[in-house]
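What follows is a single structure, written as structure tokens, with notes after it.
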Amino acid sequence: MTVRHLKTGKPASDRADDDAKVRATVEATLKDIETRGDAAISELSERFDKVSRPSYQLSASEIEAAIAKVSARDMADIAFAQTQIRNFAEVQRASMVDVEVETYPGVILGHRNIPVQSVGCYVPGGKFPMVASAHMSVLTASVAGVPRIVASAPPQKGEPHPAIVAAMHMGGAHEIYLLGGMQAIGAMALGTGTIKPVDMLVGPGNVYVAEAKRQLYGRVGIDLFAGPTETMVIADETVDAELCATDLLGQAEHGYNSPAVLVTISDRLARATLLQIERLLAILPTAETAAVSWRDYGEVIVCDTYQEMLDVANDMASEHVQVMTDRDDWFLEHMHSYGALFLGPRTNVANGDKVIGTNHTLPTKKAGRYTGGLWVGKFLKTHSYQRVVSDAAAAEIGGYCSRLCMLEGFVGHAEQANIRVRRYGGRNIAYGAAAE
């Protein structure tokens, strides 16, 4: 493989040092929340969000007041986005059916898809108010049938962000909290005295939110391990440098550590894109953030063949993969590790982030190798059940079960089967040595 890096980002060792500092901070914070509950939440909120309240849950009147501040046009746009996301989530939910089948005469097996009973949905709102994240988490949980949906977002200048509150409320949140960052994650997962803990946490956030979810995983479920936004553009000369540069910087503005990678077979396109990025950074209002991300985490990789581009892309397993080539369907067929694909020049990652209908909470840091993104199925647990409805089946299956248990040395297990053989089949079934 001949792969050339025209630009590389921060060394992996530097990134590891940053991660270690975050881990230590989050561990201490979560321990404090677990120990002191509401008192810790109040102090953390005052320190990080500059807000102090008797209760961090928004009242019905506060929700109504916040929604009243949203313009009619913004409310219509939020409603349109939620309609698209709900439509696709409902199709996905309909694809997950309960089953029951007779797999052997007298043996009935089945499964039921049961919603998680309580979910905490975090909606980021620090650098940018992520209104769309409320659709992706709260609304999708609602379509799944989750009976208790808790939503939390940080304040903006000490107040609830009106559009975020509107999106949470319209999406189906049962409780809305004015809490940000790792303290919101800790409060929802651990409980505080006034906040009842949830069974599952979902939603994107900064590095502290992501690390808090990682440390809490097991105590509660999570949607996925999500780090800073990642984007990859796979392109050939069917598109121009301005389009590539725009799509890279459009995601690099998320934060100071958002990887953006161009993978191309065209050296000319690669170099032209680097020039376009410099041009756009001079005029982009969010250049202060995007420029740091691009400097420290941006990459430009030039390959010799489409197969090499595919191999690089599958190995990096980027969160967003924008494919703009003369063989987009070939990449769709052969890509196996990624968060979401955006195929063709008419498509873009921002559509997926905000409105088109797919979910924007996606795997990062190579997690696309083993999981997909948030979707309605993440809020459902598939539980199996079994029923034996005839004496003959109880005796015959029991014989097999008894012998297989004894093969492994589980005498007590075997006796569970043996008693059924004795009661329902007499002595005509050969079973394990424990009963002989």
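The values are calculated or read from the model by the stated rules, or taken from the named source; none is laboratory data. Since the model is a prediction, treat every value here as computed from it, not as a measurement. Quick reminder, even Gly has a Cβ in these numbers, built from the backbone with ideal geometry, and neighbours come from all protein chains shown. Side chains are part of the model used for accessible areas, which takes the heavy atoms of the whole protein and leaves out ligands, DNA and RNA. Shrake-Rupley method; radii C 1.70, N 1.55, O 1.52, S 1.80 Å.
Tell me which residues, restricted to segment 289-304, are over 24 Å from A226 (Cβ atoms) and either free of Cβ contacts under 8 Å to residues at least 60 places away in the same chain or touching a Leu at 6+ places or on another chain (Cβ under 7 Å) (or both). First the steps, then the outcome.
First pass over segment 289-304, keeping only residues over 24 Å from A226 (Cβ atoms): 300, 302-304.
Across segment 289-304, the qualifying residues are V300, V302.
I'd like to check something: does segment 315-331 contain any residue that is more than 23 Å from F225 (Cα to Cα), under 24 Å from the mean Cα position of the chain (by Cα), of a type in the set (F, W, Y) and surrounded by 18 or more Cβ atoms within 10 Å (Cβ to Cβ)? If you could, list the steps in order and put the result at the bottom.
Restricting attention to segment 315-331, the residues satisfying the condition of being more than 23 Å from F225 (Cα to Cα) are 323-331.
Narrowing the set further to residues that are under 24 Å from the mean Cα position of the chain (by Cα) leaves 323, 331.
Filter again for of a type in the set (F, W, Y), leaving 331.
Add one more test, that the residue is surrounded by 18 or more Cβ atoms within 10 Å (Cβ to Cβ), and what stays is 331.
Checking segment 315-331: at least one residue is more than 23 Å from F225 (Cα to Cα), under 24 Å from the mean Cα position of the chain (by Cα), of a type in the set (F, W, Y) and surrounded by 18 or more Cβ atoms within 10 Å (Cβ to Cβ).
Just one of the numbered conditions (1) open to solvent by 30 Å² or more (accessible area, probe 1.4 Å); (2) at pLDDT below 95 is not true of I283; which one?
Of everything listed in (1) open to solvent by 30 Å² or more (accessible area, probe 1.4 Å); (2) at pLDDT below 95, I283 misses just condition (2).
Pairs only if they're at least six apart or on different chains, beta carbon under 7 angstrom, first in segment 62-82 and under 15 Å from V355 (Cα atoms), second open to solvent by less than 50 Å² (accessible area, probe 1.4 Å) and small (G, A, S); list them, first residue then second.
Within 7 Å, the pairs are D74/A163; M75/A166; I78/A163; I78/A166; I78/A167; A81/A132; Q82/G171.
Scan segment 8-21 and give yes if some residue there is farther than 19 Å from E211 by Cβ and surrounded by 15 or more Cβ atoms within 10 Å (Cβ to Cβ), otherwise no. Outline the logic, then answer.
Just the residues of segment 8-21 that are farther than 19 Å from E211 by Cβ, to begin with: 8-9, 11.
If we keep only those that are surrounded by 15 or more Cβ atoms within 10 Å (Cβ to Cβ) as well, we get 9.
Yes, because at least one residue in segment 8-21 is farther than 19 Å from E211 by Cβ and surrounded by 15 or more Cβ atoms within 10 Å (Cβ to Cβ).
From Y208, Y217, which residue is open to solvent by 30 Å² or more (accessible area, probe 1.4 Å) and without any contact (Cβ under 8 Å) to a residue 24 or more places away in the chain? I'd like the intermediate steps shown before the answer.
Numbers: Y208 fails: without any contact (Cβ under 8 Å) to a residue 24 or more places away in the chain.
Y217 is the lone residue from the list that is open to solvent by 30 Å² or more (accessible area, probe 1.4 Å) and without any contact (Cβ under 8 Å) to a residue 24 or more places away in the chain.
I'm told Q307 meets every condition in (1) open to solvent by 40 Å² or more (accessible area, probe 1.4 Å); (2) free of Cβ contacts under 8 Å to residues at least 40 places away in the same chain; (3) closer than 23 Å to P228 by Cα; (4) polar (S, T, N, Q) except one. Can you identify the failing condition by its number?
Tallying (1) open to solvent by 40 Å² or more (accessible area, probe 1.4 Å); (2) free of Cβ contacts under 8 Å to residues at least 40 places away in the same chain; (3) closer than 23 Å to P228 by Cα; (4) polar (S, T, N, Q), Q307 fails exactly one: (3).
Scan segment 403-427 residue by residue and report those that are among the basic types (K, R) and either under 16 Å from A392 (Cβ atoms) or under 42 Å from the mean Cα position of the chain (by Cα) (or both).
Initial filter on segment 403-427 (among the basic types (K, R)): 403, 420, 422-423, 427.
R420, R422, R423, R427, listed by residue number.
Given the criterion part of a helix (DSSP H, G or I), out of contact with any Leu (no Cβ under 8 Å at 6 or more places or on another chain), open to solvent by less than 80 Å² (accessible area, probe 1.4 Å) and closer than 25 Å to H135 by Cα, identify the matching residue among G399, G412, G368, G377. If you could, list the steps in order and put the result at the bottom.
Details: G399 fails: closer than 25 Å to H135 by Cα; G412 fails: closer than 25 Å to H135 by Cα; G368 fails: out of contact with any Leu (no Cβ under 8 Å at 6 or more places or on another chain).
After ruling out the rest, the residue left standing is G377.
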